[in-house]
Amino acid sequence: MDKHTLIKKAFAGIGYPEGITCAACNNELHESSRYGLCPDCLVPFISHCCKRCGTALAERGREYCDKCLHGGDYAFDAARAPFPYERESVHKLVWGLKYAKQPYYAGLMAVPMTEFLATLGWEFDAITFVPLHPKKEYKRTYNQSKLLAGHISEACGVPVLSTMKKTTYSKKSATSLGREDRARLLERSFEMLPGTDVKSKRLLLIDDVYTTGATANECAKTLKSAKAKAVYVLTYATSRGDRPITYDPAAEEEYIAKLRRMRSR
């Protein structure tokens with residue numbers, strides 16, 4: 001039995017005792033509940049997404065989103081998330097884990113992340129996570145991405161590595177910033193931890209939500225500069241981000257050709 005089948009079996013049939021409430025709406029959970037959410041709040045996995053960044057796509061004929069077609073040269077190899085961030089129940093769990101001091105949400109969120117991961121066919125040697133600046137982690141009392149990585153590691157049997165540190169601190173939150181401003185704020189803000197060896201390793205990078213891709217991209221740049229062989233990004237949710245540009249099929253063909261040239265080097 002392969003690893004991904006074991007993961008699926010490990011989480012199959014997980015239920016929550018009667019009297020425990022939905023993490024999103026506080027209604028009582030019952031046997032048909034999954035992921036800590038009642039049936040009314042449960043959101044299906046994203047079924048069609050950009051092959052590079054994982055953004056949900058409405059048009060079935062497309063392979064890449066507008067952001068990737070128009071300048072999305074990311075350092076990571078691929079990014080995926082099971083859920084769209086815009087759905088209310090998804091947003092509530094991310095927000096609760098990140099800002100409302102609900103660390104137990106990480107255990108709920110890691111279950112669908114691991115089940116979704118099992119469908120991707122990615123091969124990785126270690127799991128790592130997006131670090132927080134020490135001041136921010138002190139205020140929050142934990143790093144939500146590290147908690148998620150720990151739960152996923154336990155399910156997969158793949159070790160977690162602390163690989164990076166956040167070196168810049170800003171009181172300004174990147175959450176409300178657009179793609180370009182967020183990229184500028186995060187530029188060169190991560191460094192490898194001394195003594196960390198990721199050379200030739202395929203890494204699974206964990207975070208809570210993918211918005212513009214700036215954080216994942218900067219982390220991937222740092223890991224690739226340390227000779228990591230591949231960086232795959234897995235988050236609980238992905239956002240639509242900036243307003244899309246008009247779809248141009250010719251641009252998609254050009255982008256696909258560019259990716260093929262990059263991968264053949």
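The values are calculated or read from the model by the stated rules, or taken from the named source; none is laboratory data. Just so we're clear, the structure is a prediction, and the values are computed from it rather than from any experiment. Reconstructed Cβ throughout: ideal geometry from the backbone, glycine too, with neighbour counts over all protein chains shown. Heads up: the accessible areas ignore ligands, DNA and RNA and are worked out on the full protein's heavy atoms, side chains in. Shrake-Rupley method; radii C 1.70, N 1.55, O 1.52, S 1.80 Å.
Once backbone amide H atoms are built at 1.01 Å from N, residue 238 has 83, 85, 210 as its partners under 5 Å, excluding neighbours fewer than 5 places away on the same chain. Say a paramagnetic label sat at a point 7 Å from the Cα of residue 119, along Cα to Cβ; which residues of the stretch 18-41 have their backbone N under 20 Å from it? It comes to 32-41, nothing else. Proximity of backbone amide H atoms, modeled 1.01 Å from N, is registered between residue 190 and 167 at under 5 Å, excluding neighbours fewer than 5 places apart on the same chain. What the Cβ-Cβ distance of residue 133 and residue 101 gives, at R0 = 25 Å and to the nearest 0.05, is a FRET efficiency of 0.90. The local environment of residue 201, defined by Cβ-Cβ distances under 9 Å, has a net charge of +2 under the rule Lys, Arg +1 and Asp, Glu -1. Computed over protein heavy atoms with a 1.4 angstrom probe, the accessible surface ordering of 115, 28, largest first, is 28, 115.
Restricting the stretch 69-119 to chymotrypsin sites (Phe, Trp or Tyr not before Pro) that sit in a DSSP loop and have at most 13 other Cβ atoms within 10 Å of their own Cβ leaves 104.
Pairs over the 20 Å Cα-Cα cut-off, from the set 101/139; 135/199; 98/146; 165/224; 165/201; 98/201: 135/199; 98/201.
Positive contributions from Lys and Arg (+1) and negative ones from Asp and Glu (-1), summed over other residues with Cβ under 15 Å from the Cβ of residue 93, come out at 0. Averaging the Cα positions of each part gives two centres, and for the stretch 19-76 and the stretch 96-114 these lie 15 Å apart.
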